[in-house]
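The values are calculated or read from the model by the stated rules, or taken from the named source; none is laboratory data. Quick caveat: nothing in here was measured; it's all calculated off a predicted structure. Note that we place each Cβ from the backbone using ideal geometry, even for glycine, and neighbour counts take in every protein chain shown.
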Amino acid sequence: MIINGIQIDDTFAEAFNMRATRVIITAQNLKWAYHAAHAMTGFATSVIGCGVEAGIEAEISSELSPDGRPGVSILMFAMGSKVLMQQLETRMGQCVLTCPTAAAFAGIASDEPINLGKNLRFFGDGFQTSKLIGGKRYWRVPVMDGEFLCEESTGMVRAIGGGNFLILATSQSAALAAAEVAIAAMQRLPNVIMPFPGGVVRSGSKVGSRYAAMFASTNDAFCPTLKGVTQTELSSDIESVMEIVIDGLSFDDIALAMHTGIAAICALGSASGVKRISAGNYGGKLGPHHFKLHAIMEIEKP
Amino acid sequence: MSALTFSLKKPLQFAINCAALTPDALANLTLNEIAAITLYHGKQAVRVDELFDISGHDSASLRFLNATQQLDYLGANMRSGRIDISGNAGAYLGFGMKGGEIHCLGNTQDLAACNMQNGLMVIHGNTGDFLGGAAAGLRKGMLGGTVVVKGHAGDRVGDQMRRGLILIEGNAGDYCASRMLAGTIGVLGKVGAYAGFSMHRGTLLLTAQPYLHPTMQACGSHTLPFLNLLFKSFAPYSQAFASLKSLRAARWLGDAANKGMGEILVISK
């Protein structure tokens with residue numbers, strides 16, 4: 001398949017089952033909501049080393065936020081519910097409780113609640129108070145700037161992580177510029193995050209390593225500086241590859257995000273330096289969700 | 001279907017216990033069966049149709065016409081449905097109520113919403129003492145649900161209240177929120193003496209500074225974003241309360257003579 005001069009490989013991205021939650025963080029203004037959100041989603045690029053993958057999903061206007069103040073929604077993904085619960089509580093305690101004027105609320109409904117402020121309340125040392133408002137319990141914890149307001153729990157849902165596509169270009173700058181265009185388009189979509197720095201990964205990995213202690217290592221088949229010494233996937237004109245990884249609440253959310261990102265790149269045309277779009281997989285043996293690039297590019301955008 | 005209507009035939013000399021006349025209790029009964037239910041008027045056992053003219057069929061929606069303060073325990077322990085009262089209600093309106101709605105167009109006697117657990121009660125007139133309180137011998141008052149009073153309330157509003165929401169658009173009497181364990185009481189008018197007396201926890205929301213006893217501790221004025229949530233939650237019940245906008249409140253904690261974690265918030269206008 002070729003779109004606007006850019007080849008779409010006949011391959012697929014392989015993705016995994018994950019557990020996810022959404023939290024809404026509000027503050028006195030967006031600046032402080034972002035401070036809290038950036039802290040909470042920091043060091044959360046990959047479950048391999050961070051425990052969770054997290055990112056800012058969207059801004060929430062003061063009209064739509066629970067407490068009438070502006071905020072952002074955060075999505076957080078983990079391989080299991082236990083890790084998700086631990087990470088959520090730790091990050092809430094260190095990043096949101098500590099952030100001036102910030103408050104936190106449930107962002108997703110589910111039959112499986114997980115603690116948001118349920119245990120953080122004990123920071124109040126007995127001075128905390130709860131309020132049951134509209135059937136939801138909130139905790140008011142006295143802190144030095146006033147009160148930290150936090151809903152008792154949020155929901156946990158089944159989700160998918162590891163949707164991805166690769167941008168193969170004639171230069172590093174061309175690959176990165178295309179990736180930025182794709183991320184800008186994808187960030188407008190709900191229910192997905194691109195958890196890596198700026199939404200882009202340069203160090204795509206393969207499973208395993210020649211070193212026994214490493215269970216993942218550089219994806220040498222896509223490393224342009226190794227073309228002559230490895231079984232490369234790159235043609236002679238490809239000088240740089242960038243990857244965009246997508247976590248989403250459903251298969252359709254990820255598929256739409258991939259479609260949106262790839263379409264935005266294809267709109268640039270081959271003159272942009274992008275020559276191919278590919279995807280990372282493990283032969284289809286590890287992840288149950290396969291995002292076939294050709295099928296994805298044929299979906300009608302809603 | 002039209003509401004099942006009980007129209008009081010004549011004013012009563014003594015109070016009667018109307019606990020048997022709830023949507024749940026009357027579900028699936030014929031009009032004849034309902035007419036034959038026994039109520040007690042003083043020492044005298046009387047049939048329902050001796051006291052009321054009965055019409056209508058929909059037992060999920062009851063109406064009491066010409067109601068007076070002699071009708072006690074209206075809606076007691078009801079779980080679902082709706083009761084509309086044209087006139088006044090007696091004591092223990094909605095006693096132990098677990099669901100549904102009661103709308104009283106007139107006034108009520110004492111102990112309305114006593115030991116209420118869930119549901120909605122709207123009193124368009126005034127109500128007596130111990131609104132949302134506990135029946136004699138019980139250690140916890142209202143356990144949940146929402147009560148809205150458009151008029152004034154008597155003394156001891158929310159006495160030993162454990163959970164739930166009481167909104168009073170008029171004034172409240174002495175000892176408002178006394179021995180309160182948790183929950184929220186809002187009063188748009190004035191409150192009498194000893195507000196929050198022996199309060200453990202919970203919130204008493206006021207718009208005018210009351211005279212407080214010495215064991216209520218001043219904690220300063222603060223901007224509290226949680227008030228926005230609270231005000232928004234009032235919208236389905238009371239436009240007067242939902243129109244509150246200021247997040248600035250003077251906070252008092254007490255009663256220091258008891259557990260001392262109850263709060264009185266006086267909203268700045």
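Taking the range B:200-232, which residues are under 23 Å from the mean Cα position of the chain (by Cα) and either touching a residue at least 40 places away in the same chain (Cβ under 8 Å) or more than 12 Å from chain A (Cβ to nearest Cβ) (or both)? Of everything in the range B:200-232, those that are under 23 Å from the mean Cα position of the chain (by Cα) and either touching a residue at least 40 places away in the same chain (Cβ under 8 Å) or more than 12 Å from chain A (Cβ to nearest Cβ) (or both) turn out to be B:H200, B:R201, B:G202, B:T203, B:L204, B:L205, B:L206, B:T207, B:A208, B:P210, B:L227, B:L230.
Scanning the range B:55-80 for residues that are surrounded by fewer than 24 Cβ atoms within 10 Å (Cβ to Cβ), outside any strand (DSSP E or B) and not hydrophobic (A, V, I, L, M, F, W, C) yields B:G56, B:H57, B:T68, B:Q69, B:Q70, B:N77, B:R79, B:S80.
Counted as qualifying within the range A:1-110 are the helices (runs of 4 or more DSSP H) with 1 or more residues that are among the basic types (K, R) and outside the structural domain of A:D237 (by TED's automatic domain parsing), namely A:30-40, A:81-91. Within the range B:173-199, the only residue that satisfies the criterion of being within 11 Å of chain A (Cβ to nearest Cβ) and touching a strand residue (DSSP E or B) at 6+ places or on another chain (Cβ under 6 Å) is B:T184. Screening the candidates A:A175, A:A184, A:A221 for the property of being surrounded by fewer than 18 Cβ atoms within 10 Å (Cβ to Cβ), assigned to a helix (DSSP H, G or I) and touching an Asp or Glu at 6+ places or on another chain (Cβ under 9 Å) yields one hit, A:A221.
Only one of (1) surrounded by 15 or more Cβ atoms within 10 Å (Cβ to Cβ); (2) out of contact with any helix residue (DSSP H, G or I) (no Cβ under 6 Å at 6 or more places or on another chain) fails for A:S236. Which number is that? With (1) surrounded by 15 or more Cβ atoms within 10 Å (Cβ to Cβ); (2) out of contact with any helix residue (DSSP H, G or I) (no Cβ under 6 Å at 6 or more places or on another chain) applied to A:S236, the lone miss is (1). A count restricted to the range B:159-172 and to residues that are under 14 Å from B:C114 (Cα atoms), more than 13 Å from every other protein chain (Cβ to nearest Cβ) and in a loop (DSSP other than H, G, I, E, B) stands at 2.
Filter the range B:258-269 down to residues that are more than 10 Å from chain A (Cβ to nearest Cβ) and at pLDDT 95 or above and give me whichever is surrounded by the most Cβ atoms within 10 Å (Cβ to Cβ). If we take residues in the range B:258-269 being more than 10 Å from chain A (Cβ to nearest Cβ) and at pLDDT 95 or above, then B:I264 is surrounded by the most Cβ atoms within 10 Å (Cβ to Cβ). Picking from residues in the range A:152-163 that are in a strand (DSSP E or B) and surrounded by fewer than 24 Cβ atoms within 10 Å (Cβ to Cβ), the one that is farthest from the other protein chains (Cβ to nearest Cβ) is A:R158.
Yes/no matrix, rows are residues, columns are (1) among the polar types (S, T, N, Q); (2) over 20 Å from B:L111 (Cα atoms); (3) at pLDDT below 95:
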position: B:T22; (1), (2), (3): yes, no, no
position: B:I37; (1), (2), (3): no, yes, no
position: B:F52; (1), (2), (3): no, yes, no
position: B:S61; (1), (2), (3): yes, yes, no
position: B:T68; (1), (2), (3): yes, no, no
position: B:I83; (1), (2), (3): no, no, no
position: B:A89; (1), (2), (3): no, no, no
position: B:L93; (1), (2), (3): no, no, no
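For A:F127, the test of being touching a strand residue (DSSP E or B) at 6+ places or on another chain (Cβ under 8 Å) and in a loop (DSSP other than H, G, I, E, B) is passed. The listed residues are B:L93, B:L51, and the only one of them that is within 16 Å of the chain's Cα centre (by Cα) and surrounded by 16 or more Cβ atoms within 10 Å (Cβ to Cβ) turns out to be B:L93.
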